[in-house]
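The values are calculated or read from the model by the stated rules, or taken from the named source; none is laboratory data. Values in this document were obtained by computation on a predicted structure and should not be read as measured data. Methodologically, a virtual Cβ is constructed for each residue, glycine included, from the backbone with ideal geometry; neighbour enumeration extends over all protein chains shown.
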Amino acid sequence: MLSIYLDTCCLQRPLDDQRQPRIRVETEAVLAVLAVVQAGEAMMVTSDVLEYEIRRIPDESRSYAAMKLLSLASKRLNVTEAVEHKAEMLERQGIHAMDALHLALASEYRIDCFTTTDDALLRKARQSELHCKPLSIFELLLELAP
């Protein structure tokens with residue numbers, strides 16, 4: 001079963017302004033991925049970093065909605081020394097601290113797919129040595145296709 005790490009951008013996408021075509025299409029893709037997870041055909045993971053970042057969202061309704069999506073996760077990843085070390089290496093490559101932690105978690109726990117809607121993060125992740133596959137939400141849908 002494919003294991004997936006959806007970053008905060010993905011989890012927030014259904015709550016963004018749906019009048020923008022790209023956001024609307026990415027929202028549909030996120031919802032399709034979540035449906036696959038709910039059907040038990042893929043395993044979504046969460047992490048203490050995801051939960052921390054989501055709790056910091058100032059809009060309580062957005063934070064609550066994102067935390068509710070995280071309840072679909074069947075495994076929780078915790079920051080370890082190895083994760084911290086990997087995150088520091090990723091930061092030196094120009095990846096922002098929180099994004100580096102997300103990527104490091106997915107990589108060190110060898111999650112199959114790390115997924116984001118952040119194009120800049122995706123580009124940098126693809127240039128990094130990781131033990132997970134960095135994918136856009138659309139690429140993840142293709143990975144999940146039978």
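Can you say whether L105 is closer than 22 Å to V30 by Cα and in contact (Cβ under 8 Å) with a residue 40 or more places away in the chain, as far as the supplied structure shows? The answer is yes for L105. Cβ-Cβ under 8 Å, sequence separation 6+ or interchain: first residue in the stretch 4-25 and farther than 17 Å from L70 by Cα and modelled with pLDDT of 95 or more, partner outside any helix (DSSP H, G or I) and of a type outside the set (S, T, N, Q). Which pairs? Within 8 Å, the pairs are I23/D16; I23/D17. Within the stretch 92-142, the set of residues being over 14 Å from the mean Cα position of the chain (by Cα) and buried (at least 17 other Cβ atoms within 10 Å of the Cβ) comprises I95, E108, K124, S128, L130. Return the residue satisfying two criteria in turn: it lies in the stretch 47-79 and is out of contact with any Ser or Thr (no Cβ under 8 Å at 6 or more places or on another chain) and closer than 17 Å to I137 by Cβ, and of such residues it is surrounded by the most Cβ atoms within 10 Å (Cβ to Cβ). Residue satisfying both the conditions and the ranking: L69. Could you check, for the stretch 117-137, whether at least one of its residues is under 12 Å from I4 (Cα atoms), free of Cβ contacts under 8 Å to residues at least 24 places away in the same chain and of a type in the set (D, E, K, R)? Yes, the stretch 117-137 has at least one match. Can you find, within the stretch 4-32, the residue that is surrounded by the most Cβ atoms within 10 Å (Cβ to Cβ) among those that are part of a loop (DSSP other than H, G, I, E, B) and not acidic (D, E)? Checking each candidate, the answer is Q18.
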